[in-house]
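I have placed the structure first, in the form of structure tokens, so that the comments after it can refer back to it.
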């Protein structure tokens, strides 16, 4: 699990990078907030370094700003390559479907389990 310390300098650097990317895309704070699912006040606090990002909020900002969570983590400066690799792995896993995750864990049996779960869910919605 990636745990980020609440380092004001790191949060400030990350916030400045978000602001820089937002401006480069021609987005207002309001637009970034709407696209990422946050309030304008939250975006402002992040950009000023008053609020540290969680993994989920970092991923939301990265998606809208067409970059990676890794790029935003690197802006913090005090992040090890191991932490960056772990953040990349977590982001990849979050993008996987249930079927993909079960197949990785259980092989063919996992794919069959996923198919069974889908059938059960479809029956419940009918």
*In segment 98-111, what count of residues is obtained for those that are over 25 Å from the mean Cα position of the chain (by Cα) and either surrounded by 14 or more Cβ atoms within 10 Å (Cβ to Cβ) or touching a residue at least 12 places away in the same chain (Cβ under 8 Å) (or both)?*
2
*Considering (1) touching a residue at least 24 places away in the same chain (Cβ under 8 Å); (2) in a loop (DSSP other than H, G, I, E, B); (3) crowded, with 18+ Cβ neighbours inside 10 Å, say which one residue 22 fails and leave the rest.*
(2)
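Throughout, read-outs are computed from the coordinates displayed, never taken from laboratory work. Remember, predicted model here, so these are calculated numbers, not experimental data. Here the Cβ is made from the backbone with ideal geometry for all residues, glycine too, and neighbour counts use every protein chain on show.
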